[in-house]
């Protein structure tokens, strides 16, 4: 008879609530965001054939990272910080810099942080202004980056 399986521990209530995401770019604090999409990595399948035989080896090719899309309700301080960054990028031509996304629990405890290498913004927009519909203006920022995995791996940047 096999030993009984351990009972799963209940997750803290904090983890069951919505996460928040705090983003930085260089030394700039871009504030908290309510939605982040595109934090992902994928590898193309690479194959190495041995001569003209039917023997080959499969391995992960160069990693590819999607662009990030960040969304939140427009806010005086945080939206102004993004606007200032966009103005700097316009003036400098978009010099890539290191940034980070920190996932926080609903009570503000840090869950995990991803360090984004060579990030810079490629698009920003704000939703339609409609006071009659009582809708919050939502800003969306798109950012590209060259990775969040540890640098110096055999097959990655």
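The values are calculated or read from the model by the stated rules, or taken from the named source; none is laboratory data. In this text, all values refer to a predicted model and were calculated from it rather than measured experimentally. Positions of Cβ are backbone-derived with ideal geometry, glycine not excepted, and every protein chain shown enters the neighbour counts.
How many residues, within segment 48-78, are out of contact with any strand residue (DSSP E or B) (no Cβ under 7 Å at 6 or more places or on another chain) and farther than 29 Å from residue 116 by Cβ?
Result for segment 48-78: 5.
How many of the residues in segment 40-51 are surrounded by 10 or more Cβ atoms within 10 Å (Cβ to Cβ), outside any strand (DSSP E or B) and free of Cβ contacts under 8 Å to residues at least 12 places away in the same chain? Working first, answer last.
Going through segment 40-51, the residues surrounded by 10 or more Cβ atoms within 10 Å (Cβ to Cβ) turn out to be 40-43, 46, 49.
Filter once more, so that each one left must be outside any strand (DSSP E or B): 40.
Going one step further and asking which of them are free of Cβ contacts under 8 Å to residues at least 12 places away in the same chain, we end up with none.
Selection size over segment 40-51: 0.
Would you be able to say whether some residue in segment 70-80 is surrounded by 14 or more Cβ atoms within 10 Å (Cβ to Cβ) and in a helix (DSSP H, G or I)?
Yes - at least one qualifying residue is present in segment 70-80.
Just one of 102, 78 is at pLDDT 90 or above and more than 25 Å from residue 149 (Cβ to Cβ); which is it?
Details: 102 fails: more than 25 Å from residue 149 (Cβ to Cβ).
Criteria check complete, one pass: 78.
Does segment 113-120 contain any residue that is more than 14 Å from the chain's Cα centre (by Cα) and either on the phi < 0 side of the Ramachandran plot or in contact (Cβ under 8 Å) with a residue 60 or more places away in the chain (or both)? Before you say what the answer is, go through the steps one by one.
So the first thing to find is which residues in segment 113-120 are more than 14 Å from the chain's Cα centre (by Cα), and the list is none.
Within segment 113-120, not a single residue is more than 14 Å from the chain's Cα centre (by Cα) and either on the phi < 0 side of the Ramachandran plot or in contact (Cβ under 8 Å) with a residue 60 or more places away in the chain (or both).
Testing residue 107 on (1) closer than 17 Å to residue 20 by Cα; (2) touching a helix residue (DSSP H, G or I) at 6+ places or on another chain (Cβ under 9 Å); (3) not in a loop (DSSP other than H, G, I, E, B), one condition comes back false. Which one is that?
(3)
Among the listed residues 83, 135, identify the single one that is part of a loop (DSSP other than H, G, I, E, B) and over 19 Å from residue 39 (Cβ atoms).
Details: 83 fails: part of a loop (DSSP other than H, G, I, E, B).
When all the criteria are applied, what remains is 135.
Quick check: is even one residue across segment 52-65 in a strand (DSSP E or B) and modelled with pLDDT of 90 or more?
Filtering segment 52-65 down to residues in a strand (DSSP E or B) leaves 56-65.
Next cut, modelled with pLDDT of 90 or more only: 64-65.
Yes, the conditions are met somewhere in segment 52-65.
Could you list all residues from segment 86-97 that are at pLDDT 90 or above and either outside any helix (DSSP H, G or I) or loosely packed, with under 12 Cβ neighbours inside 10 Å (or both)?
87, 90, 91, 96, 97
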